[in-house]
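Computed from the coordinates by the stated procedures, all read-outs in this text should not be read as laboratory data. Not measured: the values here are computed from a predicted model. Cβ coordinates were reconstructed from backbone atoms using ideal geometry, including for glycine residues, and neighbour counts include every protein chain displayed.
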Amino acid sequence: MRSVSTALVMLGIGIATWGLTTATTGIPEPAVDLEAPPGFVRWVLPGGPAWNSGIRSGQVVIEIATGESELDWTLHTRGSGIDYYLSLRGATAELRGVIPLALIALIAALLSAPIVLRKPRAAAAFACLAGMVGSAAVVPAGHPVVSTMGGALMVALPVAWLVATGFRSTVLRTGVPVAALAVIAAWIFARFMAPAQFGPLDALRIAASGLAAIAVGSLLIDRAPLRAALDPSGTTPALDIAVLAVATALALSLWLVADLSPVITAVALALVVITYLQARRRVVLLVDQLVFGGREQRASIAAVDAERSRLARDIHDEPLQALSASIRRLETTPDLEAEAARLREVATQLRSVAMDLDPPALDDLGLGPALASLVERANAREGTVPVLMRIDDRTGVGARDRLPPDVERDFYRIAEEAISNALRHSGGTRVDVTGRLRRDLAEVSVIDDGIGLSSERAERAGSEGRLGLRSIRGRAAEIGADVAVAAGPNGGTAVTISWRRR
């Protein structure tokens, strides 16, 4: 997945650079084929500068004027008693008007590069969206090939991310690109062969690119594990300035390109700022996660795992060995059998602690047997509700038949945390551990029939550190897995984690 995301990031940067270069230095082509006055317009490229000025095939060419500069070229036509004018200087001004958007796109694409190693999905998403905006800047250039490529890429780039890293369903991964290709092909056909159908198909192309961009954003936000390491109540002037700058640039672009009045532009800018201030907490958390990659959380998880392994080795290497030697000596001493029995209980408890810290079944046999051992130990504790396990495990013992080691480790720890939460907090009568394991797929659910966990209680408990939901989501993010916390089929809470090999 990382290599695919890196390729998408590089593609996004390249297309955004192309868009900014075209918007900055390009000279639009009229994209019209004419007879000399008093001839007729033979052909007009739909969506080109002449087309956007109202010029159509069959109109009478009244005048073609040129001047000292290349930009002084103008065209005057007449059709149905109406005069139409195309000024190359005016078309160039419209092209220059998209420079702010193209610049934002390139900056966003470049900013995605540093995070591609930490957050490959997020980096690829930002780069593809930036490339989509950059390709839109090429369309006003008017060149039949260049502008057509730009228009097609507006749809193709976000769809590429959805297929490569967004969708897990085979139907969606097949159906979405087929639908996108159909839209692009129909749009290109209308542009060169059926201009009467261009308007509706161009609207369909823009709508398809917008829907794909919305899908990218929604999937990214839904799957991004938000964390509160950065105090959302604190001041983040850099982020605030950046948001204000982007909003201002967008408003300026709309003013120049869409010819909006200054009043409407100012109102739109004010609405954006007000909306940001209301959603600032979520924005700060999301930016911290995506930009800084959850470094503190990952470091904390890694430190906990390393400390678990160290403690397990320390318990096994010295205390257990010393206890075993003492037990053997006591067993040979008359009248000390009771003391030996008590020490054996202590040794058993220490072995159980060591297995909890670093379960040997996880390294030796894989995730399925490790989960079975986890459930068995949970049921062995007195005073706990029964934990039942139904896992369809089709993995093997060999390395080629197992899940990746980091996936096995994090799935085990997530299941351990979820079972512990259910036993301590649900107040239910049973806990079910269900799912399926394959070498390229893992799905595990921990379901209780207790009091349930509403979204408000989950957020409050997580912020107060009383539940391990933050740790669960952090571990899932490390391996690119999805976590869902929902109501169970019989009330209670269901924690589900799913992962698929890319």
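Suppose we look only past 24 Å in the calculated P(r) of segment 1-133. What percent of the Cα-Cα pairs does that tail hold?
Here the long-distance tail beyond 24 Å is 47 percent of all Cα pairs in segment 1-133.
Could you sort 141-148, 33-40, 102-109 so that the peptide with the highest average Cβ count within 10 Å comes first and the rest follow in order?
102-109, 141-148, 33-40
Taking just the alpha-carbon atoms of segment 1-63, what radius of gyration and Dmax come out, in angstrom?
Rg and Dmax of segment 1-63, Cα atoms, are 18.8, 60 Å.
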